[in-house]
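Taking it in order: structure first as structure tokens, then the write-up.
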Amino acid sequence: MGRRRKFEEEPENHDRWLVSYADFITLLFAFFVVMYGISSVNEGKYKELTSSLGSAFSGIAKEGEMNPASSDSDYPADQISVSPSLIHSLPLARLQKEKARREQEAISAMLSDLSKSLSALSQNGKINITKNDRGVRIDIYDSLLFNPGSSEIKTDAIAPINDIAQVLMPTSYGIQVEGHTDNIPIQNSQFPSNWELSAMRATSVVRQMIKEGIAENRLSAVGYSDTQAIAENDTEQGRAKNRRVSIMVLYKPLNSPTQEHTL
């Protein structure tokens, strides 16, 4: 008989890889738990970061704004994750601010040109330039434009209207010409009431601006009769202020009431 083997050979274990796989899955799970814990930011700190980044990219730093890197944050600044959508929205916000800045510069330049062109009439109280949240308003009092009860523009008034048209021509703003009267009724063969008179006076100014070269699709005419008085109708002086044609340069049309500021 042959000799028996001193040691029995153990059978080969084909499931040994499961141990390594289980260890790998455990480590992977722990890794994602840690990553999730690092990336979780409370809402307050996230808003601070968003505001700070917005100011940095726009080039306008607001005084007193908290800096997440220097504040007593719950998380270090280098561990706060930023949404890609936030980064993508920053250039758009910067472009919008730049557009608003250019519009303000264009409006300021237009106001300066109008003030220079109409300075003499403004000093004599014939024209008043104001600004509100609808746009720029140029009030031309009817003593300069029309004879009493008439909608035909005086010869001397054509030059000021043309000066206004020349300033507004290079711009792209809409222009609304508004006719206004006092509260004294008018009734003749041409105008049954102040409504017709105010509308026709506005239309006459529109026609003159078209002759000077303003595009027709930028212009509109409206008559308000005595419904939008700017002074009391109890005195002749107040009624004279109410009889006017207003040229509104509409850079921001609104339906809400406006508050005017004399320039």
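Here are a few things to note about the model shown:
- Residues of the range 220-230 that turn out to be hydrophobic (A, V, I, L, M, F, W, C) and at pLDDT 95 or above, as a count: 2
- Pairs, first modelled with pLDDT of 90 or more in the range 118-143, second surrounded by fewer than 17 Cβ atoms within 10 Å (Cβ to Cβ) and of a type in the set (D, E, K, R), C-beta under 8 Å, six or more apart: 137/260
- Options 198, 220: the member that is more than 20 Å from residue 128 (Cα to Cα), touching a strand residue (DSSP E or B) at 6+ places or on another chain (Cβ under 8 Å) and not aromatic (Phe, Trp, Tyr): 220
- Residue within the range 167-180 that is touching a residue at least 60 places away in the same chain (Cβ under 8 Å) and part of a loop (DSSP other than H, G, I, E, B) present: yes
- Taking residues in the range 96-109 that are surrounded by 10 or more Cβ atoms within 10 Å (Cβ to Cβ), and partners anywhere that are not small (Gly, Ala, Ser) and not in a helix (DSSP H, G or I), the pairs with Cβ atoms closer than 8 Å and at least 6 places apart or on different chains are 97/60; 103/251; 106/171; 107/136; 107/251.
- Note on the range 119-139: residues that are within 25 Å of the chain's Cα centre (by Cα) and outside any strand (DSSP E or B) total 4.
- Qualifying residue in the range 198-208 (condition: touching a Phe, Trp or Tyr at 6+ places or on another chain (Cβ under 8 Å), surrounded by 15 or more Cβ atoms within 10 Å (Cβ to Cβ) and assigned to a loop (DSSP other than H, G, I, E, B)): no
- Residue that is farthest from residue 154 (Cα to Cα), among those in the range 174-197 that are hydrophobic (A, V, I, L, M, F, W, C), touching a Leu at 6+ places or on another chain (Cβ under 8 Å) and surrounded by 23 or more Cβ atoms within 10 Å (Cβ to Cβ): 175
- Within the range 206-250, being within 28 Å of the chain's Cα centre (by Cα) and at positive phi holds for one residue alone: 213.
- Some residue of the range 182-205 being among the charged types (D, E, K, R), on the phi < 0 side of the Ramachandran plot and within 24 Å of the chain's Cα centre (by Cα): no
- Test for residue 152: is it in contact (Cβ under 8 Å) with a residue 12 or more places away in the chain and part of a strand (DSSP E or B): no
- Filter result for residue 174 (within 30 Å of residue 102 (Cβ to Cβ) and under 35 Å from the mean Cα position of the chain (by Cα)): yes
The values are calculated or read from the model by the stated rules, or taken from the named source; none is laboratory data. Computed from a prediction, not measured in an experiment: that's the story for all the values here. Heads up, the Cβs are rebuilt from the backbone with ideal geometry, glycines too, and the neighbour counts pull from every protein chain shown.
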